[in-house]
Amino acid sequence: MTESKPKPAGIEGHVFVVTYGRSGSTLVQNLLNAIPGYCIRGENNNTLGLMARSWHEVQGNTILNNLARNGVETSPEHPWYGGEKINAKRYGRSLAQVFSREILSPPPGTRVAGFKEIRWANEGTPLPISLNFLAGFLKNSRFIFNTRDHDEVARSGWWATMDPDKVKARLAKAEAAFTQYRTRHPERCLHIHYNDYVSDHTKLKPMFDFLGEPFDLDRVDAVMSRELTHLKEDDA
């Protein structure tokens, strides 16, 4: 018999790092994980985006909404047979619970769970769909938008093998989406910039204030001093 995972308990909130590759996001992940009670996972290949898109397609479908709203009971011959029984809110809540249990999988003692991802702005699920899904179904969701100088990014990792003008255009498009979402939802969003905080660690204090956590400069300095070996071979 397969052993089921225990249901996470005691989660006070969630934090998600929204960014693109080679931005210093793994450093931000490490800074967050240095806060007692935090478990911020790494990337999941935008699995969340696929789940959020599935919920979005259900909750925004006019036919399904009309069936449920009008109390229509469909027959086996109906092309949307059983559609009136679909509850988009319950479906979204169930997807979020599965994602939390199976992907985030927060260990005992976790107060704040989450993950960082560099694929938020890739083609596929629009950014607002993913973030609104998280905000709607995972308790106290907050978003940290991490950016970096585009010239530096374009020279780093796999970006360096691509046309720098195309890279910068892609980064600009991603940041435009980030800015638009932050403007619409300032209460749940914070922007930090790699080039600011890597040269002056005190520039990270607003992130801790945003999260309601004490700013421990010694702890931040310790994390910032560690060498990230993945930078030589992977994404940041």
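The values are calculated or read from the model by the stated rules, or taken from the named source; none is laboratory data. Please read these numbers as outputs of a predicted model, since none were measured by experiment. FYI the Cβ positions are ideal-geometry reconstructions off the backbone, even for glycines, and counts take in every protein chain you see. To get the accessible areas, we keep the full protein, side chains included, count just its heavy atoms, and leave off ligands, DNA and RNA. Shrake-Rupley method; radii C 1.70, N 1.55, O 1.52, S 1.80 Å.
Looking at Ala177, Ala135, just one residue is small (Gly, Ala, Ser), within 25 Å of His56 (Cβ to Cβ), in contact with a Lys or Arg (Cβ under 8 Å, 6 or more places away or on another chain) and assigned to a helix (DSSP H, G or I), and that residue is Ala135. For region 178-188: of the residues being buried (at least 16 other Cβ atoms within 10 Å of the Cβ) and not basic (Lys, Arg), which is farthest from Glu117 (Cα to Cα)? It comes out as Tyr181.
Here Glu57 passes the criteria (1) in contact with a Gly (Cβ under 8 Å, 6 or more places away or on another chain); (2) at negative phi except the one numbered (1). State yes or no: is Ala88 within 21 Å of Leu127 (Cα to Cα), within 16 Å of the chain's Cα centre (by Cα) and either among the aromatic types (Phe, Trp, Tyr) or surrounded by 13 or more Cβ atoms within 10 Å (Cβ to Cβ) (or both)? The answer is no for Ala88. The set of residues in region 158-174 being assigned to a helix (DSSP H, G or I) and open to solvent by 40 Å² or more (accessible area, probe 1.4 Å) consists of Trp158, Ala160, Thr161, Pro164, Asp165, Lys166, Lys168, Ala169, Arg170, Ala172, Lys173. Per the conditions (1) at pLDDT below 95; (2) farther than 27 Å from Lys89 by Cα, the sole criterion not satisfied by Pro126 is (2).
Checking each residue of region 75-83 against the condition of being part of a helix (DSSP H, G or I), open to solvent by less than 40 Å² (accessible area, probe 1.4 Å) and either closer than 18 Å to Asn44 by Cβ or not hydrophobic (A, V, I, L, M, F, W, C) (or both) gives at least one match. Counting the residues of region 107-123 that are in contact with a Gly (Cβ under 9 Å, 6 or more places away or on another chain) and in a loop (DSSP other than H, G, I, E, B) gives 8. Starting from region 23-48, take each residue that is touching a residue at least 40 places away in the same chain (Cβ under 8 Å) and open to solvent by 20 Å² or more (accessible area, probe 1.4 Å) and list its partners that are in a helix (DSSP H, G or I) and of a type in the set (Lys, Arg), counting only C-beta distances under 6 angstrom and pairs at least six apart or across chains. From residues that are touching a residue at least 40 places away in the same chain (Cβ under 8 Å) and open to solvent by 20 Å² or more (accessible area, probe 1.4 Å), the pairs are Ala34/Arg219. Quick one: in region 126-136, which of the residues that are within 18 Å of Arg101 (Cα to Cα) and free of Cβ contacts under 8 Å to residues at least 60 places away in the same chain is surrounded by the most Cβ atoms within 10 Å (Cβ to Cβ)? My answer is Ala135.
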